[in-house]
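To start, the structure under review is shown below, and the notes come after it.
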Amino acid sequence: NNEKSVPQLLIRDLKFEKNSLAKLMFSPDQENHPSKAPVKYGELIVLGYNGSLPNGDRGRRKSRFALFKRPKANGVKPSTVHIACTPQAAKAISNKDQHSISYTLSRAQTVVVEYTHDSNTDMFQIGRSTESPIDFVVTDTVPGSQSNSDTQSVQSTISRFACRIICERNPPFTARIYAAGFDSSKNIFLGEKAAKWKTSDGQMDGLTTNGVLVMHPRNGFTEDSKPGVWREISVCGNVFSLRETRSAQQRGKMVENETNQLQDGSLIDLCGATLLWRTAEGLARTPTVKHLEALRQEINAARPQCPVGFNTLAFPSMKRKDVVDEKQPWVYLNCGHVHGYHNWGNKEERDGKDRECPMCRSVGPYVPLWLGCEAGFYVDAGPPTHAFSPCGHVCSEKTTAYWSQIPLPHGTHTFHAACPFCAHQLAGEQGYIRLIFQGPLD
């Protein structure tokens with residue numbers, strides 16, 4: 001085992017004083033205004049972005065969206081059901097000032113369910129549309145794309161009005177998810193082709209074209225988390241097993257003992273983008289960007305060195321997270337040995353992709369290391385000792401282990417594990433590697 005002869009520096013567990021860690025772990029708005037801060041229900045974080053969208057966060061289009069208690073309740077709940085004999089009659093029933101869901105059963109029959117104001121809840125809508133009813137505009141995630149120009153050519157599979165989240169305005173501020181959102185005329189239309197049915201209590205329910213899938217992790221979102229089972233959520237918030245493909249006409253089986261209530265770490269898939277739901281309590285236990293910055297400085301202070309060039313390596317600042325820096329650490333993904341960039345062992349006949357590690361001679365991809373800056377993806381506050389393969393995003397061991405087990409929906413009927421920071425499909429046996437740093441020789 002020639003690893004033993006290599007002087008190594010495995011990142012030490014950080015021993016912060018309890019007080020300073022507590023300070024770092026609380027988000028800034030909690031520190032400064034404990035009483036004035038508006039009630040935060042939680043945050044939605046889009047997988048595949050490492051802290052912000054490639055061209056910057058703008059308005060309602062950003063990589064994370066916080067749901068705060070509204071000054072005035074805007075929730076709605078179902079009230080009257082009308083059975084109209086023609087779609088024209090249905091249009092007359094559903095006026096512009098009244099929320100309603102129309103279920104077209106045939107050319108001759110439409111069922112319209114009117115929704116009335118609910119003073120106990122707040123409603124937030126998510127989708128691809130930039131129309132005003134959408135609170136959080138989400139576009140398709142292209143794995144590893146560095147600019148939005150990469151994403152424009154893709155035909156989107158995300159619905160314009162994809163889903164809505166309803167939060168209770170009173171503690172414990174329960175959040176529930178429903179498929180489909182209301183459009184500018186306050187309507188949801190389920191056309192003839194959409195899967196829809198009458199429920200046992202005489203109500204209507206249905207599924208959207210590509211569906212809204214949800215997975216609740218077991219053991220919450222902690223270092224003990226395990227993946228849950230993916231389910232589909234209906235327009236009325238009922239839970240179903242998955243259809244054979246995303247847009248199949250036949251719905252799955254209803255899952256009686258599960259609900260549409262979101263919990264810390266729930267994943268919401270909109271067929272083109274996956275969102276992570278973090279509760280306010282969960283975020284309070286999550287490392288902050290300040291904490292991640294302290295970990296970065298701790299690694300750099302240990303002065304890891306390149307075993308070939310003997311130059312000191314350093315992780316670039318969080319703001320420079322897309323530009324390869326000359327001091328940037330690189331890793332051989334098969335063995336985990338960390339180096340600076342060098343041309344050693346570049347075998348031309350291997351397309352230049354695979355390189356031979358000078359320390360242990362194992363051959364494999366050689367990539368720059370990047371710190372995972374989106375703190376909401378971390379399941380613990382451990383030191384950054386592991387990297388996802390093949391992208392080289394670095395975070396704690398528990399965080400890499402958790403995400404490498406999660407099958408994320410991809411396309412219309414496949415699932416695969418992906419790096420939460422860039423959405424690249426994971427490769428190799430585990431999907432991640434332990435980093436072996438060499439300390440300074442002096």
Which residues, counting only those in region 234-256, are modelled with pLDDT under 95 and out of contact with any Lys or Arg (no Cβ under 7 Å at 6 or more places or on another chain)?
-> GLU244, THR245, ARG246, SER247, ALA248, GLN249, GLU256
Scan region 271-292 for residues that are open to solvent by 10 Å² or more (accessible area, probe 1.4 Å), of a type in the set (Gly, Ala, Ser) and not in a helix (DSSP H, G or I) and jot them down.
-> GLY272
Do you know which residues across region 313-355 are within 26 Å of the chain's Cα centre (by Cα) and at pLDDT below 80?
-> MET318, LYS319, ARG320, LYS321, ASP322, VAL323
Report, by residue number, each residue of region 294-312 that is within 31 Å of the chain's Cα centre (by Cα) and free of Cβ contacts under 8 Å to residues at least 60 places away in the same chain.
-> GLN297, ASN300
Of the residues LEU190, LEU207, which single one is modelled with pLDDT under 95, open to solvent by less than 40 Å² (accessible area, probe 1.4 Å) and of a type in the set (A, V, I, L, M, F, W, C)?
-> LEU190
Might you let me know whether region 343-361 holds any residue that is surrounded by fewer than 21 Cβ atoms within 10 Å (Cβ to Cβ), among the acidic types (Asp, Glu) and touching a residue at least 24 places away in the same chain (Cβ under 8 Å)?
-> no
Go through region 293-302 and give me each residue that's in contact with a Phe, Trp or Tyr (Cβ under 8 Å, 6 or more places away or on another chain) and either modelled with pLDDT of 95 or more or in a helix (DSSP H, G or I) (or both).
-> ALA294, ARG296, ILE299, ASN300
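The values are calculated or read from the model by the stated rules, or taken from the named source; none is laboratory data. This one's a predicted model, so the numbers in the text were calculated from it and none came from an experiment. All Cβ positions, even for glycine, are placed from backbone atoms using ideal geometry, and neighbour counts span all protein chains on display. Remember, those area values only see protein heavy atoms, side chains included, never the ligands or the DNA or RNA. Shrake-Rupley method; radii C 1.70, N 1.55, O 1.52, S 1.80 Å.
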